[in-house]
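The values are calculated or read from the model by the stated rules, or taken from the named source; none is laboratory data. Owing to the predicted nature of the structure, the values given are computational and were not obtained by experimental measurement. FYI the Cβ positions are ideal-geometry reconstructions off the backbone, even for glycines, and counts take in every protein chain you see.
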Amino acid sequence: MKIVLAPDKYKGSLTGLEFCSIIEQILKLSLSAEVIKAPLADGGDGTIEVVNYYLKGNIIKVEVNNPVFKPVLASYLYSESSKIAFIEMAEASGMKLLKPEDQNCMHTTTFGTGQLVINAIDKGAKHIILGIGGSATNDCGIGMATALGYRFLDKNNKEVKPIGSELSSIIKIDDALVDKRLKNVKFQIACDVTNPLYGPNGAAFVYAKQKGATEDDISYLDQGLQSLSKVLDKHFNLQTQHIQGAGAAGGMGAGTVAFLTGELLPGIDVIKQIADFDTKIKNADWIITGEGNLDDQTLSGKALSGVLNSAKNNQIKVAAFCGSIDLGKRIIQDLGITYSDSIMNHALSLNDALMNAKQYLEIITKEFIKQKLR
């Protein structure tokens, strides 16, 4: 029997790796089974730990500009053996780096993210995976691009400051000084939203308010994105408004396609690729997966949805051990889950569930073995 363990984390209680270790121990004591650990993530919190489980790289720390051009120590993951770097833009350009009074995406930049990209290339990276969640920006990636050598010029042929409020001023892009090494690097962008660049569902109208923009700012930023899109389309021969996910991270989706020739992918697809997941699960009898909460959001690009897609393609049964389950049995079966149980089915309270998740996961595993594997 072959069993693959492929969970996301239980936020606030167990990491995916801890989930795997707990269940692996019980399976090996109870069965003569081949057990493969393949923890996953969807690009959110904890992703870097999961990525490093596969890449076995080093954490690189480098001083870069934060979103308001102040120095900050940011880190990324680099594997010398595979020449792969994993960069989270939030490390350099994230809301988490700013005091409340500095949170206004009219004045913030992705310049620091570009500095991380250059540092990774200096280290020897040939494949860069860029996660674009948690940004404090609405600059369409021009800050990042400026760090790479692009220049953005106004009607007087003067270089503009790479921030959101200046997007409308840009009429020309000068790429004469762009780092030539970019052409030899593969860029994949972990992106879990599908918003267009501008308009009612675009970057500014959907996300700028939570980044400190006023109603007037939002309209101005949207106009800036529309204006810059024309410049990008002409310079790079693109149709930026038709790129699915162009509006992610304040237009960074569009910016990564234009300036990096990046490929936008759901975060779970990127992680599955790093894990070589579809190869690992070949001929498996069961995949045991799990996440904090199995609910309506599960199919919106979360890790468990990626597991279910792979399992369906390979006709493998899936067991889901979750923190809590907010879906009916019929819906769970329709998703392709053969067996499910949750910590909350056994715990006395939410606090009990969080504090004693390990013990309850052991109980769930033993019950699953008794019901399905014996």
Open item on the list: If I ask for residues that are small (Gly, Ala, Ser), surrounded by fewer than 20 Cβ atoms within 10 Å (Cβ to Cβ) and not in a loop (DSSP other than H, G, I, E, B), which ones from segment 169-209 would you list?
Closed with: SER169
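Residues that are at pLDDT 95 or above and more than 30 Å from LYS126 (Cβ to Cβ), at least 3 per element: which strands (runs of 3 or more DSSP E) completely within segment 260-344 meet that? Please lay out each step first, then the result.
On the way: elements: 263-265, 286-289, 317-322, 339-342.
Ranges flagged: 286-289, 317-322, 339-342.
Could you name every one of the strands (runs of 3 or more DSSP E) located completely within segment 68-147 that has at least 3 residues being closer than 28 Å to GLY301 by Cα and touching a His at 6+ places or on another chain (Cβ under 6 Å)? Full working, then the answer.
Details: elements: 71-79, 84-88, 127-131.
Passing ranges: none, list empty.
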Task: Matching residues, segment 272-288, being under 11 Å from SER310 (Cα atoms), exposed (fewer than 13 other Cβ atoms within 10 Å of the Cβ) and not basic (Lys, Arg) - done: THR279
Open item on the list: Cβ contacts < 7 Å: first residue assigned by TED's automatic domain parsing to the domain that holds ASN104 and without any contact (Cβ under 8 Å) to a residue 40 or more places away in the chain, restricted to segment 156-170; second residue surrounded by fewer than 18 Cβ atoms within 10 Å (Cβ to Cβ) and of a type in the set (Ser, Thr, Tyr), any location; separation 6+ or different chain. Result?
Closed with: VAL160/SER169
Open item on the list: Suppose we keep only residues that are under 16 Å from the mean Cα position of the chain (by Cα) and in a loop (DSSP other than H, G, I, E, B) within segment 243-259. Which one would you say is nearest to ALA203 (Cα to Cα)?
Closed with: GLY247
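Could you please find all residues in segment 345-362 being part of a helix (DSSP H, G or I) and either touching a residue at least 40 places away in the same chain (Cβ under 8 Å) or not acidic (Asp, Glu) (or both)?
Residues of segment 345-362 that are part of a helix (DSSP H, G or I), as a first pass: 345, 350-355, 357-362.
ASN345, LEU350, ASN351, ALA353, LEU354, MET355, ALA357, LYS358, GLN359, TYR360, LEU361, GLU362, listed by residue number.
Across segment 73-89, which residue is farthest from the chain's Cα centre (by Cα) among those that are surrounded by fewer than 24 Cβ atoms within 10 Å (Cβ to Cβ) and of a type in the set (D, E, K, R)? It would help to see each step written out before you state the result.
From segment 73-89, those surrounded by fewer than 24 Cβ atoms within 10 Å (Cβ to Cβ) are 73, 75, 77-84; that's our starting set.
This time we only want the ones that are of a type in the set (D, E, K, R), so: 80, 83.
Working: GLU80: 22, LYS83: 20 Å.
Selected residue: GLU80.
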TODO: Would you please list the contacts, defined by Cβ atoms under 7 Å and residues six or more apart or on different chains, that run from a residue in segment 231-245 that is not assigned by TED's automatic domain parsing to the domain that holds PHE152 and hydrophobic (A, V, I, L, M, F, W, C) to a residue that is surrounded by 15 or more Cβ atoms within 10 Å (Cβ to Cβ) and assigned to a loop (DSSP other than H, G, I, E, B)?
DONE: none
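Go through ASP334, ASP341 for me and flag whichever is surrounded by 15 or more Cβ atoms within 10 Å (Cβ to Cβ), among the acidic types (Asp, Glu) and either in the same structural domain as ALA303 (by TED's automatic domain parsing) or at positive phi (or both).
After applying the criteria, what remains is ASP341.
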